[in-house]
1. Between residue B:50 and residue B:295, take the C-beta separation as r, use R0 = 35 Å, and let me know the FRET efficiency to the nearest 0.05.
2. Test of the criteria: in segment B:3-103, which GluC sites (Glu not before Pro) are in a DSSP loop and have at most 14 other Cβ atoms within 10 angstrom of their Cβ?
3. What does the copy distance list look like for residue B:101, label position 7 Å along Cα→Cβ, in nm and ordered from shortest?
4. At a 1.4 Å probe, which residues in segment B:172-198 are at least 20 Å² less accessible with all protein chains present than in their chain isolated?
5. What nm distance separates the two modelled labels at residue A:255 and residue B:82, each placed 7 Å from Cα along Cα→Cβ?
6. Using a 10 Å cut-off on Cβ to Cβ distances, tally the other chain neighbours for every residue of A:201-213 and report the average as a whole number.
7. Can you list the copy-to-copy distances for residue A:136, using a point 7 angstrom from Cα toward Cβ, in nanometres, shortest first?
8. So which trypsin sites (Lys or Arg not before Pro) in segment A:123-154 end up in coil per DSSP with only 11 or fewer other C-beta atoms within 10 Å?
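The values are calculated or read from the model by the stated rules, or taken from the named source; none is laboratory data. Small disclaimer: the values here were computed from a predicted structure and weren't measured. We place every Cβ from the backbone using ideal geometry, glycine too, and count neighbours over all the protein chains shown. Remember, those area values only see protein heavy atoms, side chains included, never the ligands or the DNA or RNA. Shrake-Rupley method; radii C 1.70, N 1.55, O 1.52, S 1.80 Å.
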Number of protein chains: 2
Amino acid sequence: MRTELCETLGIEYPIVGFTPSEHVAAAISKAGGLGVLGCVRFNDAEELDAVLDWMDANTGGRPYGVDIVMPAKIPTEGTQVDIEKLIPEEHKAFVERTLRDLGVPELPQNVEERAGVLGWLHSVARSHVEVALKHPIKLIANALGSPPVDVIEQAHSHGVPVAALAGKAEHAARHVANGVDFIVAQGHEAGGHTGEIGSMVLLPEIVDAVEAPVLAAGGIGSGRQAAAALALGASGVWMGSTWLATQEYLETMPSSAAMQSALVDATSSDTVRTRIYTGKPARLLKTKWTAAWEAEDAPKPLPMPLQNILVSHAHNRLHEANDPQLVSMPAGQIIGRIKEIRPVADIMTELVEGYEQALARLDKTRG
Amino acid sequence: MRTELCETLGIEYPIVGFTPSEHVAAAISKAGGLGVLGCVRFNDAEELDAVLDWMDANTGGRPYGVDIVMPAKIPTEGTQVDIEKLIPEEHKAFVERTLRDLGVPELPQNVEERAGVLGWLHSVARSHVEVALKHPIKLIANALGSPPVDVIEQAHSHGVPVAALAGKAEHAARHVANGVDFIVAQGHEAGGHTGEIGSMVLLPEIVDAVEAPVLAAGGIGSGRQAAAALALGASGVWMGSTWLATQEYLETMPSSAAMQSALVDATSSDTVRTRIYTGKPARLLKTKWTAAWEAEDAPKPLPMPLQNILVSHAHNRLHEANDPQLVSMPAGQIIGRIKEIRPVADIMTELVEGYEQALARLDKTRG
C-alpha cells in the first residue's frame with residue numbers, strides 16, 4: 001500500500017490519522033502512517049508547545065502533522081466578553097433548560113471549566129501555527145478549507161506543506177489556487193464539518209479538479225475503503241472517527257470511557273449532521289443532546305463562532321456526566337464499524353491487510 | 001470486468017442499468033450489461049406487455065429485467081376517488097398556487113393526462129409481475145425493498161431471481177430472510193428513494209450482513225466508481241441517473257429534452273433529498289419546483305401514496321412546460337458528471353475502460 005504521498009511525507013502507508021490525542025497521533029506515526037494532532041483544544045499556545053515537545057520525544061523520529069481551525073477570511077474578533085453579548089437570552093435559556101431536563105449534573109468543584117471556544121478564534125489558530133512551526137512538523141492541515149495566503153506562505157517558508165479540507169470541487173480548486181498542497185476531500189459521511197456530497201461522488205470530482213494530491217475523508221475505516229478511495233483516484237486516506245475508539249485515546253483523555261462506550265454501541269445510522277456544535281453543519285454522534293436540538297421548541301443554532309461559545313459550558317457538563325447517552329462528539333458514519341476499543345497498531349495492521357485483500361479480490365475480476 | 005454475477009445473469013459485465021425507457025434498457029443489455037425496465041410508468045398491464053414484447057424483439061436475445069415498486073406490507077387500497085378524499089385542501093391549494101407562481105402553463109388540449117399514481121399501488125405492481133413473468137426476464141427488482149414472500153415465490157417458480165433495494169444492513173438481512181436473491185445497496189448519493197448512509201459506509205456493511213450478492217447503487221457513474229464498489233465487496237453495480245442522459249432515452253420519451261438539458265447543466269450539489277415526490281425521502285434534481293416546497297409557507301409532504309397523487313397532475317404540467325428549471329425528476333449526485341447526451345454503448349465502453357484503468361492504478365500501489 002504505497003503511493004507518491006509516502007515519499008512526499010516520508011511515511012510507510014498513505015494513511016493520515018487526525019486526532020485530538022497526542023498519544024493516538026504518536027501511535028499512528030509510529031505504526032507507519034502520519035499522525036495529525038488537532039490543535040483546537042489548546043486555548044494556550046504554551047500548552048500546545050509542551051504537547052508538541054512530547055510528540056517530538058515520543059514519535060521515534062517518525063513524521064507527524066498538526067490540524068488547525070482557521071477560516072480563510074479573517075473574522076472580526078472581540079474579547080470573549082464582547083462575543084458573549086451577541087448570544088440571545090432565548091438560546092442560553094434553552095441550553096440551561098435542556099441540561100436540567102436531561103439530568104446533566106453541575107460541574108464538580110474539582111473540575112476546571114475549559115473555555116472550549118478560543119481554539120476557534122483566528123488569533124488563537126495563528127498562535128498554533130507559530131508554535132507548531134518551531135517543531136519538526138511535516139504537515140499543517142486546516143479543517144475550514146484554505147487558510148489565509150500569508151499563513152500558507154509562512155508554512156512553506158519552513159518547508160511545511162499545507163492541506164485543506166474541501167466538500168466541493170470548486171472549493172478544492174480555490175484552495176489550490178491559494179497555494180494549498182494537498183486536498184482532504186471530506187465526503188458527507190465524515191464526522192465534524194461536512195458537506196452534502198457523498199465520498200463516492202466527491203472524491204473523483206476533486207481528483208479531476210485539482211493537480212494536487214487528494215486524501216479521501218469520510219467513510220474510511222477499513223482496508224477495503226482505503227482501496228476504494230485509491231481506486232477513485234485518491235493518493236491516500238484521512239481518517240478521524242476510527243481513532244476515537246483506541247486505547248491510546250484514553251491515555252490523553254481518561255474521562256472518555258462514556259464516549260467510547262457510545263461509539264461501540266452505535267450503528268452507522270447513529271450520527272446526525274447538525275449546526276449545534278459550531279454553527280456550521282457538522283456530523284455528530286446522535287444522543288439525547290442532539291435530539292433535544294431537533295425538538296419543535298428548540299431554537300435555531302447560532303452562526304460560528306457564537307454557537308460553540310453558547311454550548312461550551314454544556315459540553316463540559318455533558319462530558320463530566322460520563323453517560324453514553326449524553327455525549328457531544330463529532331463522529332462519522334464509519335462508527336458503525338467500531339466494535340471494540342483497540343490499540344492503534346492493530347487498526348493499522350488491519351487496514352494494510354484489508355487493503356491487500358481488496359486488491360486480491362479485484363484481481364479476480366480482470367476480464 | 002467480471003464477477004460471478006456475470007455467470008448467474010448471463011451478462012458480459014456486472015453492470016445493471018435501471019431505466020424507465022425500453023430503448024435504454026435494450027441498449028444496456030445489447031452492450032453487455034443487464035437492462036432493467038422500470039414498470040411504475042405503466043398504469044395498464046397490457047401496455048407493459050406490449051413494451052416487453054418490444055424488448056423481446058429488440059434485445060437480440062440478451063438478458064434483461066424489470067423493476068417494480070411494491071411494499072412488503074400490503075397497504076389498504078381504495079379507488080383513486082377514495083384516496084383523493086384523503087388529500088387536504090391546503091395541499092391542493094399550495095400546489096395550484098405554486099404552479100401559478102412558477103408560470104407553469106395548463107396542460108395543452110392535445111396532451112392526455114397521465115394518472116401517474118397507479119404504478120405505486122400494490123395491485124398494479126402485482127399485475128406488472130404477472131405480465132413480466134410471461135416474458136423471458138432474468139430479474140425482478142423491487143424499489144421498495146423486499147416484495148411479499150408470495151411474490152418472491154412466484155418469481156422463483158418461474159426461475160427468476162429477485163433483487164431488493166436496501167439503505168441499511170438490517171433491511172438487507174430482512175430481505176434475504178424473505179427469500180430475496182440479490183441486494184441493491186442504495187447509498188445516500190442515489191437518485192430516487194434513498195437513505196442517509198453514504199455508499200462508502202453502506203456497501204461493506206451490507207456485503208458483510210448478507211450471503212447474497214450485492215449490487216452497489218448510489219454515486220456510480222464511471223469505471224473508477226465501479227472499481228471502488230467492487231473493492232468494497234460488491235458483485236456488481238446498479239446505475240440509474242447516468243442513463244437519463246442518453247440518446248436512447250429520447251426515443252422513448254421525446255419530450256425529455258428539457259430534463260436532459262437540466263442534467264447536463266447540473267453539478268453534484270444540484271440534487272435534494274425530499275419527500276415531495278412520493279411521500280418517502282427521495283433524491284431529486286434541484287429546480288424551482290423543489291425550492292418551492294422548501295419555502296417557509298410550504299406544507300409538509302403527505303405520506304405515500306398520497307403525495308404522489310397530490311403532485312401527479314403537477315408533474316404532467318411541469319413536464320409539458322419543457323423548461324429545465326421546472327423539471328421534476330429523481331436523480332442522484334452522480335449527475336454532476338453528465339456533460340453531454342450520449343449513446344448507451346459509449347457509456348458502457350467508458351465504464352469498462354475506466355474500470356481497467358482504475359485497476360492498473362491500484363497495481364502501482366502494491367507494497
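1. Details: r = 42 Å, r/R0 = 1.20.
Between residue B:50 and residue B:295 the formula returns 0.25.
2. Numbers: sites: B:4, B:7, B:12, B:22, B:46, B:47, B:77, B:84, B:89, B:90, B:96; in loops: B:12, B:77.
In loop regions of segment B:3-103 (DSSP not H, G, I, E or B), the sparsely surrounded GluC sites (Glu not before Pro) are B:77.
3. Distances between equivalent label points, in nm: 3.1.
4. Checking the loss per residue gives B:188, B:189, B:196, B:197, B:198.
5. According to this spin-label approximation, the distance is 6.1 nm.
6. Values: counts 19, 7, 5, 11, 6, 0, 1, 2, 0, 0, 0, 0, 0.
Partner Cβ neighbours, averaged per residue: 4.
7. 7.0
8. Values: sites: A:126, A:134, A:138; in loops: A:134, A:138.
Hits after loop and neighbour filter: A:134.
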